[in-house]
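Beneath this line is the structure, given in structure tokens, with notes to follow.
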Amino acid sequence: MGKFVAFPTVGGLHYRLPDGSWRYTPGAKASLLVIGSPSKDKDLLIVESSWDALALHEATGSPVVCTRGASNERLAIEYVDALSGGSSMSLVAVPQNDPPGEKWLQGLRVGLMLHDIQVKRVPPPFKDYAQLHAHHNGVKSP
């Protein structure tokens, strides 16, 4: 039997199948995964993957928000707009190294153009921060 992983979300679960693909249980809605205590006075890391969020928070201790997929960048935009109260914030976006990750980043840049967005790229051959973090810690990536 393969491994199953699930994260709670509004109305259900966001879970991974043994083939690595992600699904939501019936009735579940995409929602941000927020780790740490974000504030408008601290750098806020924004990622698309739950694994990237966990790895970055472990490595940096910084607050992280995760959109749980490349098509959910609007969730981060709405969250940052509410958190900032109209003030400019310092944001760090960490896209995945794939076409959906680039589209996600462009969506963030358009939606958050009033904020200072730094982009931190994961070096190839790694697809995402979770793979890089696992590699440097000598563990298998999720």
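The values are calculated or read from the model by the stated rules, or taken from the named source; none is laboratory data. Bear in mind the structure is a predicted one, so any value in this text is a computation, not a measurement. FYI the Cβ positions are ideal-geometry reconstructions off the backbone, even for glycines, and counts take in every protein chain you see.
Quick notes on this structure:
- Considering the range 48-74, and only residues there that are among the acidic types (Asp, Glu) and in a helix (DSSP H, G or I), the residue that is farthest from the chain's Cα centre (by Cα) turns out to be Glu58.
- For the range 124-137, the count of residues that are touching a helix residue (DSSP H, G or I) at 6+ places or on another chain (Cβ under 6 Å) and closer than 21 Å to Ser39 by Cβ is zero.
- Any hit, the range 27-47, residues being part of a helix (DSSP H, G or I) and β-branched (Val, Ile, Thr): no
- Candidates in the range 110-125 are the residues that are in contact with a Lys or Arg (Cβ under 9 Å, 6 or more places away or on another chain) and more than 17 Å from Asp41 (Cβ to Cβ); of these, the one that is surrounded by the most Cβ atoms within 10 Å (Cβ to Cβ) is Gly111.
- Residue in the range 121-134 that is hydroxyl-bearing (Ser, Thr, Tyr) and at pLDDT 95 or above present: no
- Residue within the range 120-128 that is outside the structural domain of His14 (by TED's automatic domain parsing), under 11 Å from the mean Cα position of the chain (by Cα) and in contact (Cβ under 8 Å) with a residue 12 or more places away in the chain present: yes
- Residue in the range 75-92 that is outside any loop (DSSP other than H, G, I, E, B), closer than 20 Å to Tyr129 by Cα and free of Cβ contacts under 8 Å to residues at least 24 places away in the same chain present: no
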